[in-house]
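Engineer: Structure below; questions to follow.
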Amino acid sequence: MSENGQMTVLEHLLELRQRLIKAVLALVIATVISLLFTRRFLALLTAPMGDSLPQALSPTETTVTYFKVALIGGLVLAMPVIVYQLIRFLVPGLYPHERRYLYMIVPAASFLFASGVAFAYYVMLPAAIPFLLNFMGDIIRQQWSIEKYISLVTGLLFWVGVIFETPLIVAFLAYLGIVSPGLLWKNFRYAIVLIAIIAAVATPTPDPINMSLLMLPLILLYLLSIVLALLVYRRREIATGTASHK
């Protein structure tokens, strides 16, 4: 560490390596645990197809898909540890009172990610998959590859889970002073346009109903982001003011 108490570039790289090792180790352990339940996960992921079953188009496609689902399950299980290591790297010099917020952020991040995955599975997939199966079903026979189907479903579940982390990301930016509640509220109209674009890209179907299903929670999450940013920004101003008077 340098004389002024700041970490050198080499120390930052060593810190990054240590955090990555811990995150990867957590992912490996969680993936091994996930392997025990992968068959059940596959059954849950293919449930929205109803009586239709995806097919394997190559000898190794089923095996590759099996381990891919196990890895994704491990990623979900290891998410709290990964988030914790990421935050500790981005904000290394935490005071005792700030560590208390860290212990709140990690469960909150895990809860929001799980909420996003649950929303995508229980709300979006039951609407999207039957639509895709029945679209032009009178002239086209739908025969889906298991690899393509799992990639579509897991990609949707993962990215919706990530999108649901928006309030914490915005609160963190407010803590750093990069954004403010006033700025977020002032640009609310532009945020609606951006949310519509995100919903259009993330939704697997082109119909406006499925797009609206994702837009509504995203708008609510943006409003929650403003509230959290307001709380964090006020605490930051109080702390900065206190520090300036010392």
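Engineer: Condition check: free of Cβ contacts under 8 Å to residues at least 60 places away in the same chain, assigned to a helix (DSSP H, G or I) and either touching an Asp or Glu at 6+ places or on another chain (Cβ under 8 Å) or not assigned by TED's automatic domain parsing to the domain that holds PHE131 (or both). Does ALA200 satisfy that?
Structural biologist: It is true that ALA200 is free of Cβ contacts under 8 Å to residues at least 60 places away in the same chain, assigned to a helix (DSSP H, G or I) and either touching an Asp or Glu at 6+ places or on another chain (Cβ under 8 Å) or not assigned by TED's automatic domain parsing to the domain that holds PHE131 (or both).
Engineer: Just wondering, is there one or more residues in the stretch 76-94 that are among the aromatic types (Phe, Trp, Tyr) and modelled with pLDDT of 90 or more?
Structural biologist: Within the stretch 76-94 (the criterion being among the aromatic types (Phe, Trp, Tyr) and modelled with pLDDT of 90 or more), the answer is no, since none of the residues qualifies.
Engineer: Among the residues of the stretch 121-166, write down those that are at pLDDT 90 or above and within 17 Å of ALA200 (Cβ to Cβ).
Structural biologist: Matches in the stretch 121-166: none.
Engineer: Still on this structure: Quick one: is PHE67 outside the structural domain of TYR175 (by TED's automatic domain parsing), surrounded by 15 or more Cβ atoms within 10 Å (Cβ to Cβ) and of a type in the set (Phe, Trp, Tyr)?
Structural biologist: no
Engineer: Go through ALA56, ALA30 for me and flag whichever is over 25 Å from ILE129 (Cβ atoms) and in contact (Cβ under 8 Å) with a residue 12 or more places away in the chain. Lay out the reasoning, then the answer.
Structural biologist: Numbers: ALA56 fails: over 25 Å from ILE129 (Cβ atoms).
Answer to the selection: ALA30.
Engineer: Might you let me know whether the stretch 166-178 holds any residue that is outside any helix (DSSP H, G or I), closer than 24 Å to VAL76 by Cβ and more than 16 Å from the chain's Cα centre (by Cα)?
Structural biologist: Taking the stretch 166-178 as the starting set, the residues that turn out to be outside any helix (DSSP H, G or I) are 176-178.
Remaining after also requiring closer than 24 Å to VAL76 by Cβ: none.
No - not one qualifying residue is present in the stretch 166-178.
Engineer: Restricting to the stretch 42-80, name every residue that is closer than 14 Å to VAL153 by Cβ and in contact with a strand residue (DSSP E or B) (Cβ under 8 Å, 6 or more places away or on another chain).
Structural biologist: The answer is PRO54, and nothing else.
The values are calculated or read from the model by the stated rules, or taken from the named source; none is laboratory data. Small disclaimer: the values here were computed from a predicted structure and weren't measured. Counting neighbours? That spans all protein chains shown, and the Cβs are built from the backbone with ideal geometry, glycine included.
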